[in-house]
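Every read-out reported here was derived from the displayed coordinates using simple, explicitly stated rules and does not represent laboratory data. The structure presented is a predicted model; accordingly, all values stated were derived computationally and were not measured. Because the Cβ atoms are built from the backbone with ideal geometry, glycine has one as well, and the counts that use them run over all protein chains shown.
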Amino acid sequence: MSVPLPVDVSPEEITRGAELLREGRLVAFPTETVYGLGADASSPAALRRLYDVKRRPADHPVIVHVASADALSDWSAAVPDGARVLAAAHWPGPLTLVVRRAATVLDEVTGGRDTVAVRVPDQPVALALLRAFGGGVAAPSANRFGRVSPTTAAAVRADLGDDVDLVLDGGPCRVGVESTIVDWSGDEPVIRREGGVARDEIEALLGAPVAVRTGETGGAAAPGTLASHYAPRARVILAVDDADAVRQAGDAVAHSARAGVLGVHLGADLPAGVVVLASPATTDEYARVLYGALRAADDAGLDVVVAVPPDARGLGAAVADRLRRAAAPRADGT
Ligand code: TXA
Ligand code: MG
């Protein structure tokens, strides 16, 4: 089955990307969620380089990207039937499954855990690269540790510069927030990160409620679950509704801060000087524009971003989660 590639990525570039991966180098590629920074998941040297460039602590695990669900058994020791149901329904797609790892999976991938995270992305360039490479590609989001995930090739280049050997440009990401992580390494499934597949879709498929438990993965906290993560340099303040956003933005401006706002259909009655970063019409659009808006706040040198989280249904849960983390106090006290 061959999927047409977006016009801006040639078959030669895909071949080049696969060659670079085989040489242990780093290739950034689009997925439907965010851009990933790819490395050969079976090469310790490539994985060390990946961690260096990400500036990520070595005990934080990465997701292995594969071309099809058939590859899941190469990486895992045991796959529960329910996990297979989720994979059949959502792969390729914004779902990551955490299962017990196969003995051959490197500690550099799992951060020393006895589990591994696997996903099949739903993006033609990503799938073409994975097929051309043939093996698993470890790929965290293509940003420096703790910063906002990139949803365009330009954002990857701005963040990583020459530290990445090739950036495949597949245009803006369709979903805009990361994959949903379902951990099925124990007896019951647990959602470790809300993302591109809504919790109610997962519960409907399984016919049972599924707990959301972020921040407990055994061992070190997973990066996407750290309180302060996905954060721009600007301070992020959450508003309860549009009127609150207008008031908070007004307060910021009154204290000579440069302020921006972000929220569904926001825009009316804003104090003079306040920048509208994005005013998405729907929750799905909110997810798509979220990280670009946070980056734009930094590019514009804003001090404060006042955001109204969307309704927590569908993708709204993931957007609200990322905004909460962006607004959490930073380790450096800012
Ligand atoms: O949408 C996505 O998942 C994107 C694209 C590039 O595929 N990738 C992504 O990777 O968000 P990253 O590294 O930024 O986040 C991976 C998350 C982290 O929270 C990590 O802790 C968790 O997956 N994770 C990876 N392996 C795990 C494991 N064995 N057990 C629990 N969590 C794991
Ligand atoms: Mg990330």
Contact order normalised by residue count of the chain, Cα under 8 Å, 6+ apart, percent: 18 percent
Looking only at 146, 186, 170, which one moves most when the chain is put into a Gaussian network model with springs between Cα atoms under 10 Å? 186
Using the beta-carbon distance between residue 312 and residue 272 and R0 = 35 Å, what value does 1/(1 + (r/R0)^6) give for FRET efficiency, to the nearest 0.05? 0.60
Bridge orientation stat for the chain from DSSP, antiparallel percent rounded to 5, came to 45 percent
For the residue 328, residue 8 Cβ pair and Förster radius 56 Å, calculated FRET efficiency rounded to 0.05 is 0.95
Residue exposure sequence - 73, 256, 141, 43 - by fewest surrounding Cβ within 10 Å: 256, 73, 43, 141
Could you give the size of the charge dipole of the stretch 1-137 about its Cα centre, using +1 on the Cβ of each K and R and -1 on the Cβ of each D and E, expressed in debye and rounded to the nearest 20? 300 debye
Where in the stretch 284-325 does the label zone of residue 255 land, with the point 7 angstrom along Cα→C-beta and an amide N cut-off under 12 Å? 303-305
Could you give the alpha-carbon Rg of the stretch 125-203 over 2.2 N^0.38 Å, rounded to two decimals? 1.30
Taking neighbour Cβ counts within 10 Å as the exposure measure, how do 60, 255 sort from fewest upward? 255, 60
Honestly the stretch 25-107 on the Cα gyration tensor test (a ≥ b ≥ c root eigenvalues; a/c under 1.5 rounded, otherwise a/b vs b/c for prolate or oblate) is just oblate
